[in-house]
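The values are calculated or read from the model by the stated rules, or taken from the named source; none is laboratory data. None of these values were measured; they are calculated from a predicted model. Positions of Cβ are backbone-derived with ideal geometry, glycine not excepted, and every protein chain shown enters the neighbour counts.
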């Protein structure tokens with residue numbers, strides 16, 4: 001695995017090198033793999049005789065289905081692979097190739113394929129396909145309706161097919177199997193540029209499907225003037241409607257966060273300001289928010305700011321749009337990055353990445369009262385070798401940590 005992690009006092013960015021270019025033929029007769037494999041060499045990752053290996057990938061995305069089976073997706077040699085575990089990550093099935101035709105799948109930093117499982121058991125995947133020009137891409141979608149044995153031919157979700165920026169996809173699935181995909185889109189910026197008009201940032205666009213991904217409604221805009229290259233937070237609320245959180249470009253190049261609660265699947269609500277650090281920067285921080293919605297409807301958000309007088313990681317919550325967000329709770333040491341939040345009832349867990357000079361750390365705080373009071377920070381995981389950022393997921397009332405490192409994939413209950 002070729003992971004290289006650089007931390008700074010303001011922003012940490014993950015730089016990666018892909019594991020070769022030729023696709024690997026899949027041998028479905030090979031036995032199941034263990035989640036923690038030994039570190040593999042670049043030669044192993046490039047060999048067509050070797051079964052595709054998770055440790056050749058820099059990013060892993062995980063999701064539970066309704067029966068408690070764990071599914072993970074990762075990328076090697078321009079192909080996406082899927083594996084499943086019936087024992088919470090101790091053993092995994094042999095990898096299944098998702099995209100038969102190789103394509104440039106973005107899988108580094110805030111890019112990575114996304115996976116969600118519908119209530120009917122369908123498996124949905126999205127990713128960003130990098131195009132030939134810098135900072136350009138398409139949003140891609142594929143699904144499996146046979147329990148992960150095979151996948152549909154990938155389709156492009158963005159209906160504007162110009163070679164411009166359609167990137168940073170985010171995926172959510174509704175209670176009735178609705179498929180919701182949001183992303184950052186530069187079509188309005190390019191239109192303004194052609195008309196010699198000013199347009200700050202890009203825009204948040206979305207498409208959704210009411211038939212399990214068989215077809216999608218036309219693209220719609222959530223809000224103009226989003227930051228150009230920060231991940232989105234996307235969840236489905238207790239009313240079975242999408243909620244989207246993003247870094248917004250306010251007047252004066254202030255890049256703080258905003259949130260939209262949908263009124264119905266075709267109607268985004270107005271952009272509600274989440275934070276007011278008033279970070280003025282004429283650049284994109286490559287550092288988007290995290291979002292989780294509890295069963296009682298409380299919205300939990302985490303984010304990063306580099307404002308000189310309010311720098312670092314922050315948490316806030318909102319019970320309804322009218323009340324707005326709570327006063328931000330600051331956490332993390334200098335250089336802390338990529339916060340992730342998950343609410344399970346009144347329990348709320350936040351994790352983030354830090355580097356202590358020798359170890360890559362996953363730090364953690366918890367709240368047992370819906371985000372009003374917090375525990376002292378503790379180290380949840382530590383690695384001497386390079387590592388990706390950590391993610392949270394839940395099933396059966398338990399919260400789990402998913403973390404890809406150069407020494408193997410780690411998955412455990414918190």
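Does residue 107 count as part of a loop (DSSP other than H, G, I, E, B), modelled with pLDDT of 50 or more and over 22 Å from residue 146 (Cβ atoms)?
It is true that residue 107 is part of a loop (DSSP other than H, G, I, E, B), modelled with pLDDT of 50 or more and over 22 Å from residue 146 (Cβ atoms).
Can you give me the number of residues within the stretch 304-313 that are free of Cβ contacts under 8 Å to residues at least 40 places away in the same chain and either surrounded by 16 or more Cβ atoms within 10 Å (Cβ to Cβ) or not in a loop (DSSP other than H, G, I, E, B) (or both)?
4
Looking at the stretch 214-232, I want the residues that are free of Cβ contacts under 8 Å to residues at least 60 places away in the same chain and at positive phi and have a partner that is surrounded by fewer than 19 Cβ atoms within 10 Å (Cβ to Cβ) and assigned to a loop (DSSP other than H, G, I, E, B) with Cβ atoms under 8 Å, at least 6 apart or on another chain. Which pairs are those?
Within 8 Å, the pairs are 225/199.
Of (1) buried (at least 21 other Cβ atoms within 10 Å of the Cβ); (2) over 22 Å from the mean Cα position of the chain (by Cα), residue 192 satisfies all except one. Which?
Single failed check for residue 192: (1).
Which residue out of 164, 139, 181, 115 is assigned to a loop (DSSP other than H, G, I, E, B) and either crowded, with 20+ Cβ neighbours inside 10 Å or in contact (Cβ under 8 Å) with a residue 40 or more places away in the chain (or both)?
On the way: 139 fails: assigned to a loop (DSSP other than H, G, I, E, B); 181 fails: assigned to a loop (DSSP other than H, G, I, E, B); 115 fails: assigned to a loop (DSSP other than H, G, I, E, B).
Going through 164, 139, 181, 115 in turn, just one is assigned to a loop (DSSP other than H, G, I, E, B) and either crowded, with 20+ Cβ neighbours inside 10 Å or in contact (Cβ under 8 Å) with a residue 40 or more places away in the chain (or both): 164.
List the number of the failed condition for residue 324; all other conditions in (1) at pLDDT 95 or above; (2) within 30 Å of residue 269 (Cβ to Cβ) hold.
With (1) at pLDDT 95 or above; (2) within 30 Å of residue 269 (Cβ to Cβ) applied to residue 324, the lone miss is (1).
Filter the stretch 337-362 for residues that are over 30 Å from residue 296 (Cα atoms) and without any contact (Cβ under 8 Å) to a residue 60 or more places away in the chain; which is nearest to the chain's Cα centre (by Cα)? Break it down stepwise before answering.
To start, the set of residues in the stretch 337-362 that are over 30 Å from residue 296 (Cα atoms) comprises 354-361.
Filter once more, keeping what is without any contact (Cβ under 8 Å) to a residue 60 or more places away in the chain: 356-359, 361.
On the way: 356: 25, 357: 26, 358: 26, 359: 24, 361: 19 Å.
Out of the qualifying residues, it is 361.
Could you tell me which of the residues 275, 215 is at pLDDT below 95 and over 20 Å from the mean Cα position of the chain (by Cα)?
275
I need the full set of residues from the stretch 188-213 which are farther than 30 Å from residue 317 by Cα, part of a loop (DSSP other than H, G, I, E, B) and either out of contact with any strand residue (DSSP E or B) (no Cβ under 6 Å at 6 or more places or on another chain) or free of Cβ contacts under 8 Å to residues at least 40 places away in the same chain (or both), in order please.
195, 196, 197, 198, 199, 211, 212
Just one of (1) part of a strand (DSSP E or B); (2) surrounded by fewer than 19 Cβ atoms within 10 Å (Cβ to Cβ) trips up residue 295, so point out which.
Here residue 295 meets the rest and fails (1).
Do the conditions hold for residue 316, that is, is it assigned to a strand (DSSP E or B), closer than 26 Å to residue 256 by Cα and out of contact with any strand residue (DSSP E or B) (no Cβ under 8 Å at 6 or more places or on another chain)?
So residue 316 does not fit the description; no.
Go through 242, 285, 224 for me and flag whichever is over 23 Å from residue 393 (Cα atoms), modelled with pLDDT of 95 or more and touching a strand residue (DSSP E or B) at 6+ places or on another chain (Cβ under 7 Å).
224
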